[in-house]
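Asks: Pasting a structure here, questions to come.
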Amino acid sequence: MILTDREILAHREKGNIVVEPFRADCMGSNSYDVHLGKTLALYADPILDARKHNKIEFFEIPSEGFVLQPDKLYLGVTEEYTETKIHVPFLEGKSSVGRLGIDIHATAGKGDVGFCNHWTLEISVKMPVRVYAGMPIGQLIYFETRGEVQTAYNVKASAKYNEKTSMPVESMMFKNHF
């Protein structure tokens, strides 16, 4: 079941959902709008290796915006820091963003119970498009869970994205054993 605006606000009051900064005007009827942070990153090497730690290079979006190019994978980040203690958060793009040809995640739209961080965005575009820090980029939808969680993400020993940061985070696939 997806939480409504009233349920999101009630769980925020109880401390089960944290969004910082929180702005009431970002509430939808069953979602919360998140915004593009000021930092983007690109992988340093033109060929990525799933078994290697692929380094990224950071840059800030200037006040006049930055033109994203097709055939590049940009890592972005949400302005908002979030925590979910008993719900499963999903991050989806806003329809207005999709209509500009911007995809904000390749495969990682679902968070886990216990996720406590800014969201890294896997941004790709269909055609060149100028983006701005602070623009609405996505929406968080919260799902109820059934049953107790055995191990929340923020205490899971194998969790690869627990280090709190307001910067985009590169793939940690290399930490898997395959």
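What follows draws every value from the coordinates through simple rules; no lab data is involved. Keep in mind that this is a model prediction, so the values were computed, not measured. Cβ atoms come from the backbone with ideal geometry, glycine included; neighbour counts cover every protein chain shown.
Asks: Using only Cα atoms, locate the centre of the range 125-178 and the centre of the range 7-79, then give the distance between them in Å, rounded to an integer.
Replies: Taking the Cα centre of the range 7-79 as reference, the centre of the range 125-178 is 9 Å away.
Asks: A further question on this structure: Please report the net charge: other residues with Cβ closer than 15 Å to the Cβ of Glu170, K and R +1, D and E -1.
Replies: +1
Asks: A follow-up question, please. Please compute the contact order of the range 1-144 in relative form: average sequence separation of alpha-carbon pairs under 8 Å and at least six residues apart, divided by the residue count, as a percent.
Replies: In percent, rounded to a whole number, it is 34.
Asks: Near Pro21, within a Cβ-to-Cβ distance under 11 Å, what is the net charge of the other residues, with Lys and Arg +1 and Asp and Glu -1?
Replies: My count for the surroundings of Pro21 gives -2.
Asks: What does the highest-first list of 35-44, 114-123 look like by mean Cβ count within 10 Å?
Replies: 114-123, 35-44
Asks: Right, something else. For the range 1-79, taking Cα atoms only, what is the radius of gyration to one decimal and the Dmax to the nearest whole Å?
Replies: Rg, Dmax (Cα atoms, Å): 17.5, 46.
Asks: Something else: State, as an integer percentage, the relative contact order of the range 71-178 based on alpha-carbon contacts under 8 Å between residues 6 or more apart.
Replies: Reported relative contact order: 37 percent.
Asks: Give me the lysines in straight-line cross-link reach of Lys156: C-alpha distance below 25 Å, same-chain residues under 8 apart excluded.
Replies: Lys14, Lys52, Lys55, Lys85, Lys110, Lys164, Lys175
Asks: Cβ under 11 Å from Ile104's Cβ, Ile104 left aside: what net charge do those residues give with Lys, Arg +1 and Asp, Glu -1?
Replies: Surrounding charge for Ile104 is -2.
Asks: State to the nearest 20 debye the size of the charge dipole of the chain about its Cα centre, where the only charges are +1 on K and R beta carbons and -1 on D and E beta carbons.
Replies: I would put it at about 300 debye.
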